[in-house]
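Visitor: Right, I'll just put the structure down here and ask away after.
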């Protein structure tokens with residue numbers, strides 16, 4: 001097994017706090033990379049500093065090195081709309097049978113296959129530095145496994161297309177141990193309309209350039225799905241939904257269960273439709289829900305180092321501007337976003353949702369889970385108290401899981 005570097009060097013106070021805290025990542029995608037590309041979760045991968053969607057950032061060695069206690073592992077079966085939207089992908093997919101099978105099959109069945117496959121991987125993976133990973137199928141499992149020093153993997157789904165147009169599939173996935181469903185994703189799915197979820201710099205070869213109807217709202221099927229999730233106890237994730245769809249869910253749900261936005265920025269800093277407005281932050285807080293801050297500069301500030309690696313500017317000036325952008329869009333931007341959310345909804349609404357391995361481009365100073373102690377250090381340096389940092393790192397998310405996820409129905 002390939003070993004990762006040790007945790008980054010941080011202050012003694014930050015290191016001690018990070019060890020003491022329960023660290024919860026509300027949204028990451030290790031199973032996407034194992035399912036699409038057959039990458040080995042037990043190996044420590046080194047993606048490098050360039051945008052590299054074919055590598056794995058959220059492998060077990062780096063999770064252990066970063067002190068992660070709970071990982072909400074988001075299953076994503078690529079949407080059929082990708083084939084219509086991306087001509088190069090439509091040409092390339094037939095040459096890759098595993099990818100073709102995922103995209104062209106029934107998404108609900110393929111999602112179960114991905115769940116099954118990742119569970120086998122987790123069960124077969126030996127401990128790293130004495131830490132084993134296990135699948136948690138209830139909040140009680142999460143509490144028990146983390147108390148025993150194990151890494152709890154919690155299943156989630158990203159995108160209502162996994163329901164294949166049938167609200168009855170909510171109960172099937174719930175029974176299978178899925179704790180949370182992100183209603184929308186890249187394309188309309190008959191449940192919740194999406195915002196534009198792809199940064200301009202990642203819209204290669206003409207893909208993802210279709211218009212989005214930001215005035216569209218939750219469909220009748222969407223209302224049925226949300227009601228079933230609330231009844232059973234599956235967390236409703238509003239990430240990727242249009243503002244009207246978010247409003248419809250907030251109105252329907254009231255305060256019956258916590259609502260979540262698992263991997264976003266703050267609309268007050270970056271008024272992108274992806275991000276919650278201050279009023280939405282307050283309303284999510286009123287449900288007892290949480291908002292996970294993403295590790296990606298574009299959603300945090302609208303930047304993301306467009307002049308540096310992966311950027312389009314030419315010459316030394318562009319490279320220098322890009323490097324400054326990368327620095328501004330890193331851990332400091334995450335901390336500023338967390339401060340804004342806390343100011344708007346209270347400290348109990350703030351959480352972490354990195355979106356590692358979701359074909360994202362994380363900042364240079366937080367490229368993977370092993371670097372998470374840097375976030376703890378930065379939060380302390382920004383004046384957050386130790387109890388508040390513990391809430392941000394995980395106890396807020398643990399509360400939302402406990403109150404919003406039920407296995408009793």
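The values are calculated or read from the model by the stated rules, or taken from the named source; none is laboratory data. No experiment lies behind these values; they were computed from the predicted model shown. Please note: Cβ atoms are built from the backbone with ideal geometry, for glycine as well, and neighbour counts cover all protein chains shown.
Visitor: Going by the conditions given, is residue 185 surrounded by 16 or more Cβ atoms within 10 Å (Cβ to Cβ), assigned to a helix (DSSP H, G or I) and touching a helix residue (DSSP H, G or I) at 6+ places or on another chain (Cβ under 8 Å)?
Guide: Answer is no for this residue.
Visitor: Another question, if that's okay. Mind listing just one residue for me: the one in the stretch 27-50 that is surrounded by 15 or more Cβ atoms within 10 Å (Cβ to Cβ) and closer than 19 Å to residue 297 by Cβ and, of those, farthest from the chain's Cα centre (by Cα)?
Guide: Selected residue: 47.
Visitor: Do any helices (runs of 4 or more DSSP H) entirely within the stretch 277-367 hold 3 or more residues that are at pLDDT 60 or above and within 28 Å of residue 34 (Cα to Cα), and if so, which?
Guide: Working: elements: 278-286, 297-301, 315-328, 331-345.
Passing ranges, in order: 297-301.
Visitor: Which residue out of 77, 70, 64 is modelled with pLDDT of 85 or more and assigned to a loop (DSSP other than H, G, I, E, B)? Lay out the reasoning, then the answer.
Guide: Values: 70 fails: assigned to a loop (DSSP other than H, G, I, E, B); 64 fails: assigned to a loop (DSSP other than H, G, I, E, B).
Being modelled with pLDDT of 85 or more and assigned to a loop (DSSP other than H, G, I, E, B) holds for just one of 77, 70, 64, which is 77.
Visitor: Okay, moving on. Would you pick out the residues in the stretch 33-43 that are in contact with a strand residue (DSSP E or B) (Cβ under 9 Å, 6 or more places away or on another chain) and either in a loop (DSSP other than H, G, I, E, B) or modelled with pLDDT of 90 or more (or both)?
Guide: In the first step, residues of the stretch 33-43 are kept if they are in contact with a strand residue (DSSP E or B) (Cβ under 9 Å, 6 or more places away or on another chain); the result is 35, 41-42.
Within the stretch 33-43, 41, 42 qualify.
Visitor: OK, next. Is it true that residue 220 is out of contact with any helix residue (DSSP H, G or I) (no Cβ under 7 Å at 6 or more places or on another chain), at pLDDT 95 or above and farther than 17 Å from residue 272 by Cβ? If you could, list the steps in order and put the result at the bottom.
Guide: On the way: out of contact with any helix residue (DSSP H, G or I) (no Cβ under 7 Å at 6 or more places or on another chain): yes; at pLDDT 95 or above: yes; farther than 17 Å from residue 272 by Cβ: yes.
The answer is yes for residue 220.
Visitor: Additional query: Filter the stretch 114-152 down to the residues that are within 16 Å of residue 62 (Cβ to Cβ) and assigned to a helix (DSSP H, G or I) and list them by number.
Guide: The answer is 121, 122.
Visitor: While we're here: Within the group 236, 225, which residue is farther than 17 Å from residue 200 by Cα, in a strand (DSSP E or B) and modelled with pLDDT of 95 or more?
Guide: Values: 225 fails: in a strand (DSSP E or B).
Just a single option satisfies the conditions, and that option is 236.
Visitor: Looking only at the stretch 368-377, decide whether some residue is touching a helix residue (DSSP H, G or I) at 6+ places or on another chain (Cβ under 9 Å), part of a loop (DSSP other than H, G, I, E, B), farther than 25 Å from residue 278 by Cα and in contact (Cβ under 8 Å) with a residue 60 or more places away in the chain. Write out each step before concluding.
Guide: First pass over the stretch 368-377, keeping only residues touching a helix residue (DSSP H, G or I) at 6+ places or on another chain (Cβ under 9 Å): 368-377.
Subsequent filtering for residues that are part of a loop (DSSP other than H, G, I, E, B) retains 368, 372.
In the following step, the residues that additionally are farther than 25 Å from residue 278 by Cα were identified as 368, 372.
Filter once more, so that each one left must be in contact (Cβ under 8 Å) with a residue 60 or more places away in the chain: 368, 372.
Yes, that holds for at least one residue.
Visitor: Quick one: how many residues across the stretch 153-168 are surrounded by fewer than 24 Cβ atoms within 10 Å (Cβ to Cβ) and in a helix (DSSP H, G or I)?
Guide: 1
Visitor: Identify, from the list 215, 210, 206, 165, the residue that is in contact with a helix residue (DSSP H, G or I) (Cβ under 8 Å, 6 or more places away or on another chain), more than 26 Å from residue 59 (Cα to Cα) and without any contact (Cβ under 8 Å) to a residue 40 or more places away in the chain. It would help to see each step written out before you state the result.
Guide: Numbers: 210 fails: without any contact (Cβ under 8 Å) to a residue 40 or more places away in the chain; 206 fails: without any contact (Cβ under 8 Å) to a residue 40 or more places away in the chain; 165 fails: without any contact (Cβ under 8 Å) to a residue 40 or more places away in the chain.
Answer to the selection: 215.
Visitor: For residue 98, are the conditions met, namely being touching a residue at least 40 places away in the same chain (Cβ under 8 Å), surrounded by fewer than 19 Cβ atoms within 10 Å (Cβ to Cβ), over 24 Å from the mean Cα position of the chain (by Cα) and in a helix (DSSP H, G or I)?
Guide: Working: touching a residue at least 40 places away in the same chain (Cβ under 8 Å): yes; surrounded by fewer than 19 Cβ atoms within 10 Å (Cβ to Cβ): yes; over 24 Å from the mean Cα position of the chain (by Cα): no; in a helix (DSSP H, G or I): yes.
Considered against the rule, which asks whether it is touching a residue at least 40 places away in the same chain (Cβ under 8 Å), surrounded by fewer than 19 Cβ atoms within 10 Å (Cβ to Cβ), over 24 Å from the mean Cα position of the chain (by Cα) and in a helix (DSSP H, G or I), residue 98 comes out as no.
Visitor: Just to be sure before I move on: is residue 78 touching a helix residue (DSSP H, G or I) at 6+ places or on another chain (Cβ under 6 Å), more than 22 Å from residue 352 (Cα to Cα) and in contact (Cβ under 8 Å) with a residue 12 or more places away in the chain in the structure I sent? First the steps, then the outcome.
Guide: Details: touching a helix residue (DSSP H, G or I) at 6+ places or on another chain (Cβ under 6 Å): yes; more than 22 Å from residue 352 (Cα to Cα): yes; in contact (Cβ under 8 Å) with a residue 12 or more places away in the chain: yes.
Yes; evaluated as a whole, the condition is true for this residue.
Visitor: Give 229, 274 a once-over and let me know the one that is closer than 22 Å to residue 352 by Cβ and crowded, with 19+ Cβ neighbours inside 10 Å. Quick ask: steps written out before the conclusion?
Guide: Values: 229 fails: closer than 22 Å to residue 352 by Cβ.
Going through 229, 274 in turn, the sole match is 274.
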